[in-house]
Amino acid sequence: MNRFRAALTFLSQFSPGSSRGSGTGESSPFYDRLGLSFIKGTAFIAILLLCILPAACNDDSQEGQPLEGIILIVGDGMGLSLISQASLEKGTALNLERMPVVGLQKTSSATGSVTDSAAAITAILTGKKTYNEWIGMDTNGNPIPSIFEIAKERHWNTAIISTSSVTHATPAGAFAHVRDRDSEESIARQIAENPPDILIGGGRNYFLKGLNGPNQNALKSPIEILQKTHSISLSYSDFMNSSCDSLCLDGESVDRIVALLADNHLPPVDPSHKLDYKKDSGSSSTLQKDSIIHSISKSDDLRIGADPRSRQGYLELASERSLRTLQTMGGPFLMLIEGSQIDWGGHANKADYAVTELRDLDETLGALLKELEGRNVLIVVTADHETGGHAVLSGKPGEKQKVGFLTHGHSAEMVPVFAYGPGAETFSGIYENTEIFHKLLAVMEATPAISH
Ligand SMILES: [Zn+2]
């Protein structure tokens, strides 16, 4: 829209009224030379610009309309080299390549050059660097409000969608404040006490602990707290097999929903990539089933499904349905979508795993871009850090690449930030990860406040 506006401004310089201060109806020498009237000449150049400038052709958001919402997409561990591999192997452009604005963020934490996901998401969502392992707290141990909490205060609708447990570091960064990212039961409780409108991912077991426990006076489980305000879906197959276009439960549309679709993390897109999760790839201190009080079958209104083997199509479907629901809820929205397992492929130095997960996130972006054509929604896609010290070593476009890794951990390289929509231009340049918070906040503050 900005290039279109710039084109109009450029054209207006040839207007007799604006450039010459003379009366209307005069023809400018510029058009006289072309043998065109001013109006015909303007139309001719406008059409020419519309057809030769892809950004002007593609970006048809509605000028003057208020922002409808912000979608922040985080590819965990999605470094530039991995994106390069995905692009080379696809042989045609990724959806990421349709984003008109690109910047770079520096990813260091308060601990040092190499961040973990906890400190990184804290920087991105709160504007403060903190120690690795800490979420939503500054280095003095004070909780800091995240952009999601600020959005809720401003009566924005909020949504979190992940492919890991929703208590994992990145999704937890939206609403939790802990010094230890592995304290996922505390994180579940904090999310339940201050939930987003829409929460979709894994981590069912963290929310069920305490459900219908033997001691009726015991603290309520997080799911029991959430049941008061949200519809609850605990079955992957129910969620995926519904034929609704937007979020629904038993065929009925819902707006506020918590969908916890696996005991812990959702599976990879390709089941052959399944890992034994190590630290940071999800503390698979695999949840001990017997540590959970399983009297769920006694609860009439909670139907628990089995964990799926594959996650094919989940992220796109969950994101699209959430977007459609958010658009019907009234008022602006803030949504976080995380591709959690790109990082896990990087930790395992399994490029196929990381690329498959990256493609899944990219296809989700493609679906959202299609859905949002002509709408005033800002989309920002970035990573929290690079994982694996990945490099493409040789290959040909359109074919499988030979790649190498330098580490099983994260690296300190800058990661790209892609932006589309109103306010996108502020994401160009090179800046600290904390600046993303300030840029998002500026866009949010420029949106009229909701008074209800
Ligand atoms: Zn990691």
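Observations, loosely collected:
- Cα gyration tensor shape of segment 66-445, rounded if a/c is under 1.5, else prolate or oblate by comparing a/b with b/c: rounded
- In nm, spacing of pseudo-spin labels at residue 407 and residue 425 (7 Å Cα→C-beta vector): 3.7
- Exceedance of the 22 Å cut-off in Cα-Cα distance is limited, within the set 350/396; 350/400; 106/370; 274/350; 90/370, to 106/370.
- Among the trypsin sites (Lys or Arg not before Pro) within segment 333-416, those in coil by DSSP and having at most 14 neighbouring Cβ atoms inside 10 Å are 400.
- Positive contributions from Lys and Arg (+1) and negative ones from Asp and Glu (-1), summed over other residues with Cβ under 12 Å from the Cβ of residue 370, come out at -3.
- Cross-link reach list, aspartates and glutamates versus residue 128, counting only Cα pairs under 12 Å and skipping chain neighbours closer than eight places: 138, 432, 435
Readers should treat all values here as calculations from the given coordinates under stated rules, not as data from a laboratory. This structure is a prediction, so every number in the text was calculated from the model and none was measured. Backbone-built Cβ (ideal geometry, glycine too); neighbour counts: all protein chains shown.
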